[in-house]
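Before any comments, here is the structure.
The values are calculated or read from the model by the stated rules, or taken from the named source; none is laboratory data. Predicted, not measured: the structure shown is a model, and the values here were computed from it. When we count neighbours, we look across all protein chains shown, and the Cβ atoms used for this are built from the backbone with ideal geometry, even at glycine.
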Amino acid sequence: MSQALEVGQQLVALCKEGRYLDAVGTLYADDIVSIEAQGSEEMPARMEGIQAIRGKNEWWGANHEVHAMDATGPFVGHREDQFAVKFDLDVTQKQSGQRMQMSEVALYTVRDGKVAQEEFLYMMA
């Protein structure tokens, strides 16, 4: 079993339990790079370092009420250092009160048994 598959299975299991911050704390490299499809002044699209990624996740949790979340995967391919996970979320933005359903795919790259990069891909309609 590849390291990517092992890390992916652990990440999916933790996410299904609602323990995403635990996944960040145990599975992410200190120099992790996170890339979102879009960014803002408050939350740039590209962030680096475990503290920045932990802060991004804490911000997201503080600003969204999660009604349901499912993680499907990991999906693996020919590269032994990558896996993907599909996330389906039902959330309400706390500031606007807008409830939305969203799907995204995250592509993870593993180095030395830790997630070194995550990149989020969104379905744009």
Please determine whether any residue of the stretch 86-99 is among the small types (Gly, Ala, Ser) and either in contact (Cβ under 8 Å) with a residue 24 or more places away in the chain or surrounded by 15 or more Cβ atoms within 10 Å (Cβ to Cβ) (or both).
no
When restricted to Gly61, Gly77, Gly8, Gly49, the only residue surrounded by 12 or more Cβ atoms within 10 Å (Cβ to Cβ) and without any contact (Cβ under 8 Å) to a residue 40 or more places away in the chain is Gly49
Picking from Met1, Met43, the residue that is over 30 Å from Gln98 (Cα atoms), out of contact with any strand residue (DSSP E or B) (no Cβ under 8 Å at 6 or more places or on another chain), modelled with pLDDT under 95 and not in a helix (DSSP H, G or I) would be Met1
Cβ pairs under 9 Å, 6+ apart or interchain, first in the stretch 19-43 and loosely packed, with under 13 Cβ neighbours inside 10 Å, second at pLDDT 95 or above and among the aromatic types (Phe, Trp, Tyr), ordered by first then second residue, are Ala37/Phe120
In this structure, does Lys86 turn out to be within 17 Å of Val115 (Cα to Cα), out of contact with any helix residue (DSSP H, G or I) (no Cβ under 6 Å at 6 or more places or on another chain) and modelled with pLDDT under 95? no
Residue hits (the stretch 101-120; among the hydrophobic types (A, V, I, L, M, F, W, C) and at pLDDT below 95) are Met102
